[in-house]
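Beneath this line is the structure, given in C-alpha cells, with notes to follow.
The values are calculated or read from the model by the stated rules, or taken from the named source; none is laboratory data. Note that the coordinates shown come from a computational prediction; the quantities given were computed from them, not determined experimentally. Backbone-built Cβ (ideal geometry, glycine too); neighbour counts: all protein chains shown. Please note that ligands, DNA and RNA were not included when accessible areas were found on the heavy atoms of the full protein model with its side chains. Shrake-Rupley method; radii C 1.70, N 1.55, O 1.52, S 1.80 Å.
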Amino acid sequence: MAHPSQLGFQDAASPVMEEFLHFHDHALMIVFLISTLVLYIIVAMVTTKLTNKNILDSQEIEIIWTILPAIILILIALPSLRILYLMDEVNNPHLTVKALGHQWYWSYEYTDYKELGFDSYMVPTQDLAPGQFRLLEADHRMVVPVASPVRVLVTAEDVLHSWAVPALGVKMDAVPGRLNQTAFLASRPGVYYGQCSEICGANHSFMPVVVEAVPLKFFEEWSSQMLEDA
C-alpha cells in the first residue's frame, strides 16, 4: 500500500517485484554516476581558465567516450531483458483466475472450480468500514493462496481496461476479444490494492483491484464457503 508523499515503490510482495526494485536501484546508481560526472565536467569547463592542448584533438578520449556509453547500455539492457523474460514465465500454475473488465467493475472466475465466480465493485465512500481505503476497497476481493503460482487470464467485455497490482509487479491490458495472461506469486499474506490503469471512461478511477493473499488452509475454507453460497 502506498503512503502519502511516498517517493519510492511499494514494498515488494512477489519475486518479480523484488527483481524490479533491484533493477531500479541498479539503473538509478548508473544515472547518479553519469549525472555526477557530467556536472563535474560542466563546472570544470566553466570555472577554469586553462586549456589542455592534449585533449583538444585526442583519438583516445573519443574512443573512450564512444565505448563507455555502449558498455553502460549493455549493463542496463542485460538485467532488463532478464526481468522481461521472467515476467512472461507461467510455470505450472496452481490456480487460474479469469479477470473480466466491465464499465466499471471487475468480474472474477476461478476456472479450476465449477461455479466459483463473482463481481467486484468498489465500496462507496459512505459504506466504508473503519480502516478501509477510499476508492480502493472492493466488496469482493480476489482471494489467492500464498506461495502458489497464480495465472490470471485478463480480458474485457466492452472497452480497454488494465488489471494492475503494483505491489505484486503485475499489469496486464484487458482487450475485448483477446485473452491475455500474466502470472504472479504472492510471497507473504496480505491485502494488495491496484486500479484499472487504462482510461476506460467516466468512472475509470472507480474500479479498484483488490487481491487478498491467504494461507492455503484459509483459501480452501473460503472457496468452499463461496461454493456453498452459490
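Scoring 88-95, 219-226, 12-19 by mean Cβ neighbours within 10 Å over their residues and listing the highest first yields 12-19, 219-226, 88-95.
In a simple Cβ point-charge model (Lys, Arg +1; Asp, Glu -1; nothing else charged), the chain has a dipole of about 760 debye relative to its Cα centre. Short-range pairs are left out: with C-alpha atoms under 8 Å and at least six residues apart, the relative contact order of region 63-199 is 22 percent. Note that the chain shows a convex hull volume over its alpha carbon atoms of 179 Å³ per residue. Here the Gaussian network model covers the chain, with springs between Cα atoms less than 10 Å apart; of 43, 165, 123, 43 fluctuates the most.
Seen against the Cα atoms of the chain and their longest principal axis, helix 59-88 is set at about 10 degrees.
Among 21, 160, 216, the residue with the largest mean-square fluctuation in a Gaussian network model of the chain, with springs joining Cα atoms closer than 10 Å, is 216.
Of the residues 16, 33, 73, the one whose Cα sits farthest towards the positive end of the charge dipole of region 1-93 is 33 (charges of +1 on Lys and Arg Cβ, -1 on Asp and Glu Cβ, taken about the Cα centre). In terms of its C-alpha gyration tensor, region 103-230 comes out rounded, because the ratio a/c of the largest to the smallest axis stays below 1.5. For the chain, the number of Lys pairs with C-alpha atoms closer than 24 Å, counting only pairs eight or more positions apart or on separate chains, is 4.
When DSSP beta bridges are restricted to pairs lying wholly in the chain, around 70% turn out antiparallel. The accessible area of residue 217, taken with all protein chains in place and a 1.4 Å probe, comes to roughly 130 Å².
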